[in-house]
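Everything on this sheet refers to the single structure shown next.
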Amino acid sequence: MSSNSANSIPPQPPEALQDSHALPTGERPGSREGGRRQISRFLREGLRAIKRARVRLGTGGVEILAAHDRVEGILKLQESQLLHQLARGRRTIVEIGSFRGRSTVLLALGSAECQGEVWAIDPHMPSPDAPWMPFNSTDLDAFRKNVREFGIERRVHEILSTSDQARTTWAGKGIDLLWIDGDHTFEGASRDLSNWTPLLNPGGVVAAHDYSKHWPSVQKAWDQFMAKSSCFVHSGRVKAIVWARKV
Ligand SMILES: C[S@@+](CC[C@H](N)C(=O)[O-])C[C@H]1O[C@@H](n2cnc3c(N)ncnc32)[C@H](O)[C@@H]1O
């Protein structure tokens with residue numbers, strides 16, 4: 001989980017070390033190693049500030065940063081920006097895997113102009129594919145609080161079930177954007193792709209998170225599905241998000 005996920009934040013270091021410029025314990029002031037560390041820390045911070053400034057200056061920058069900073073989650077800033085972009089002009093959005101709502105909020109904010117609606121599917125229960133992850137009902141409370149705080153309750157519809165269960169009862173209209181970030185097993189990710197993509201409208205987009213070497217199961221599911229399907233054109237990849245458009 002990301003460094004800013006409440007459940008994964010390690011115990012805080014003593015106060016002296018919370019100063020980002022403090023030297024690690026035992027390091028001599030003025031030592032070469034200490035100097036190197038400080039330079040690399042300054043560079044990292046500078047790079048981070050540049051990335052944030054670029055997002056801020058882009059379309060929807062202020063709200064993207066607000067959602068990214070205020071809602072816990074693992075999406076990286078560029079991924080948050082991408083989701084907001086992908087949601088623009090989409091009226092019917094299905095999200096598989098909400099956690100505390102970072103992606104949900106970004107999708108709802110990105111689609112605000114056309115009053116897009118987000119169906120947020122998540123059982124908010126411990127997950128068999130990631131038993132080490134702290135998925136539970138506190139996420140649901142946090143999810144609801146975040147949705148309220150961003151004033152998007154009217155456009156976010158909570159579906160408290162697995163994506164498989166939700167699919168059997170989905171009586172909704174065609175989908176414009178399908179965002180998959182739920183069960184990360186090969187079987188689970190493959191099922192989400194094969195069960196839900198037929199509901200995409202022509203021109204609709206499917207995007208998935210964790211398409212990376214850290215989740216070979218997700219990568220394999222995506223690659224196999226796309227290799228078999230002639231309905232999609234690969235559209236792009238940013239960090240660990242991959243997406244394709246239905247033709
Ligand atoms: C990586 S988190 C999602 C992060 C979220 N998209 C965000 O931006 O913060 C994965 C979520 O998927 C949910 N999940 C796991 N299996 C699922 C399934 N079969 N159907 C729907 N959601 C599932 C978990 O409860 C968890 O909240």
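Laboratory data are not the source of any read-out in this text; all were calculated from the coordinates shown. Being a predicted model, the structure only gives us computed values, none of them experimental. Ideal geometry is used to build each Cβ from the backbone, glycine not excepted, and the neighbour counts take in all protein chains shown.
Compared with the direct C-alpha span, the chain from residue 214 to residue 85 gains 44.0 nm at full extension, assuming 0.36 nm per residue.
Take the Cα of residue 125, step 7 Å toward its Cβ, do the same at residue 157, and the gap between the two points is 2.2 nm.
Exceedance of the 24 Å cut-off in Cα-Cα distance is limited, within the set 76/220; 76/145; 145/173; 51/239, to 145/173.
Placing +1 on the Cβ of every Lys and Arg and -1 on the Cβ of every Asp and Glu, with nothing else charged, gives the chain a dipole about its Cα centre of roughly 960 debye. For the peptides 119-126, 96-103, 77-84, 145-152, residues were scored by their other Cβ atoms within 10 Å and the scores averaged per peptide; the highest-first order is 96-103, 77-84, 119-126, 145-152. Extending 7 Å from the Cα toward the beta-carbon at both residue 165 and residue 195 defines two label points whose distance is 1.1 nm. In terms of Cα atoms, the Rg and Dmax of the chain work out to 19.7, 66 Å. Once both labels are positioned 7 Å from their Cα atoms along Cα-to-Cβ, the gap between residue 39 and residue 114 label points is 5.0 nm.
Peptides 36-42, 184-190, ordered by how many other C-beta atoms sit within 10 Å of their residues on average, highest first, read 184-190, 36-42.
Length available on full extension from residue 31 to residue 57: 0.36 nm per residue minus the Cα-Cα distance, which gives 5.5 nm. In angstrom, the C-alpha Rg and Dmax of the range 47-92 are 10.6, 36. Evaluate E = 1/(1 + (r/R0)^6) for residue 223 and residue 132, where r is the Cβ-Cβ distance and R0 equals 30 Å; express this FRET efficiency to the nearest 0.05. Between residue 223 and residue 132 the formula returns 0.70. Considering only 98, 111, 212, the residue lying farthest towards the positive end of the dipole of the range 62-246 is 111, judged by Cα position with unit charges set on Cβ. Computed over the alpha-carbon atoms, the range 123-247 gives an Rg to Rh ratio of 0.97, Rh here being the Kirkwood radius from the mean inverse distance.
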